[in-house]
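*Asks:* Okay, here's the structure, questions in a sec.
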Amino acid sequence: MAYVPAPGYQPTYNPTLPYNQPIPGGLSLGMSIYIQGVASEHMKRFYVNLAVGQGPEADIAFHFNPRFDGWDKVVFNSQQAGRWGSEEKKRSMPFRKGAPFELVVMVMAEHYKVVINGNPFYEFGHRLPLQMVTHLQVGGDLELQSINIIGGQRPPSQRPLGTPAYPGPGQSFQQPSSLPSMEGPPVFNPPVPFVGRLQGGLTARRTIIVKGYVLPSAKRFTINLKENASGDVALHINPRVDEGAVVRNSHLGGSWGREERSLPHNPFGPGQFFELSIRCGLDRFKVFANGQHLFDYSHRLKAFQKVDMVEIHGDVTLSYVQI
């Protein structure tokens, strides 16, 4: 069963290295680049570049380069006309050999903000106009699991007065008019428990995206799609990490129904990053994890259009929610 991403959200799964692909529409203020992967057991260094062109001689506006070399550090730099600029170094290594990670590069007005595993790590001031950037490059001693380029904004001259130039924690920003929009704005790094309103209720073909991290000590967490007025839960997704199970159910009229547990694989291990896509169909929910089909769940609340709330709580942190 093919994965169908939400409009305006086009992830790439398990890309080969080195990765060197255009950024659709070019880089713009407010974009966030999510890179999930695993550092090699024998890692010495890897890189992430935001480049002006695809060729080997292209200028590099942003160079991110973790180095395991006895003096573990992360180097930041830029390259113009074939020459590297002055290095900026942070003598701190947020990556562990053999461990999964999530790297986020947020395009801010004055700098690139780097967030690693949910923690702010560094801010690298712009040396080249961000509008010149056309390509994303990734290579080195790592395994790539997914790349997501999300969001963006109109130029400041086109923003309504009072609209912030970039999002703060838990805030969202507009998407560029050149991309098809999803139902609601994305939210970055929201706190848990999370409660979000589905404006206009649930509709067929609507897709909900949840990117998160299962805590190393996790026992279980919950994602509920529910009707606020009655408290009915149309879809209850309950990864029980301590049991190695992912329970699905509905809570209608004050009672739980029959649990569903069978799965082809379980993506919710302790210390694992995940991306969940919940797509509403006319007769069922189709759920994908990390781009692979996970399960279907037939509607038990037949009037699924009454669903107007998404709840997430438990032993998980969230980096991105799109409802």
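Throughout, read-outs are computed from the coordinates displayed, never taken from laboratory work. Quantities reported herein were computed from a predicted structural model and do not represent experimental measurements. Positions of Cβ are generated from backbone atoms using ideal geometry, with glycine treated the same way; all protein chains shown enter the neighbour counts.
*Asks:* For the modelled label position 7 Å from the Cα of Lys306 along Cα-to-Cβ, which residues of segment 246-290 have backbone nitrogen atoms closer than 20 Å?
*Replies:* What the label zone holds, given the 20 Å backbone N cut-off, is 249-258, 280-285.
*Asks:* Separation between the Ser92 and Asp283 pseudo-spin-labels, each 7 Å from Cα along Cα→Cβ, expressed in nm?
*Replies:* Rounded to a tenth, the inter-label distance reads 5.4 nm.
*Asks:* Cα-based Rg of segment 190-322 per 2.2 N^0.38 Å, rounded to two decimals?
*Replies:* Against the empirical 2.2 N^0.38 Å value, I get 0.97 for segment 190-322.
*Asks:* Under 14 Å from the Cβ of Pro18, count the other residues' Cβ atoms, weight Lys and Arg +1, Asp and Glu -1, and hand me the total.
*Replies:* Net local charge, Pro18 excluded: -1.
*Asks:* Compute for segment 12-156: radius of gyration divided by Kirkwood radius, i.e. Rg/Rh, restricted to C-alpha atoms, rounded to two decimals.
*Replies:* 0.93
*Asks:* Expected output is a single nm value to one decimal: the length gained when fully extending between Arg197 and Gln131, i.e. 0.36 nm times separation in residues minus the C-alpha distance. What is it?
*Replies:* Residue separation times 0.36 nm, minus the Cα-Cα distance, leaves 20.4 nm.
*Asks:* Something else: So what's the convex hull volume per residue for the Cα atoms of the chain, in Å³?
*Replies:* Convex hull volume per residue, Cα atoms: 140 Å³.
*Asks:* Would you calculate the separation in nanometres between label points at Glu123 and Ser262, each defined as 7 Å from the Cα along the Cα-to-beta-carbon direction?
*Replies:* About 5.3 nm separates the two model spin labels.
*Asks:* Moving on. Exceeding 19 Å between C-alpha atoms, which entries from my cross-link table qualify? They are Lys211/Lys306; Lys219/Lys306; Lys90/Lys211; Lys44/Lys97; Lys44/Lys90.
*Replies:* Checking Cα-Cα distances, Lys211/Lys306; Lys219/Lys306; Lys90/Lys211 exceed 19 Å.
*Asks:* A further question on this structure: Can you tell me how much longer the chain between Ser217 and Arg83 gets when fully stretched, taken as 0.36 nm per residue apart minus their C-alpha distance, in nm with one decimal?
*Replies:* 43.6 nm
*Asks:* Evaluate the distance, in nm, between pseudo-label points positioned 7 Å from the Cα of His111 and of Lys73 along their respective Cα→Cβ axes.
*Replies:* Going by the 7 Å Cα→Cβ label model, 1.8 nm.
*Asks:* So if I place +1 on the C-beta of Lys and Arg and -1 on the C-beta of Asp and Glu, and nothing else carries charge, what would the dipole magnitude of segment 190-322 be about its Cα centre? I want it in debye, nearest 20.
*Replies:* Charge dipole, segment 190-322, about its Cα centre: 300 debye, nearest 20.
*Asks:* Going toward the positive end of the dipole of segment 1-123, with +1 on Lys and Arg Cβ and -1 on Asp and Glu Cβ, which of Ser92, Ile23, Tyr13 do you reach last?
*Replies:* Ser92
*Asks:* Residue farthest toward the positive end of the dipole of the chain, with Cβ of Lys/Arg at +1 and Asp/Glu at -1: which of Ile116, Ile312, Ala81?
*Replies:* Going by the Cα projections, it comes out as Ile312.
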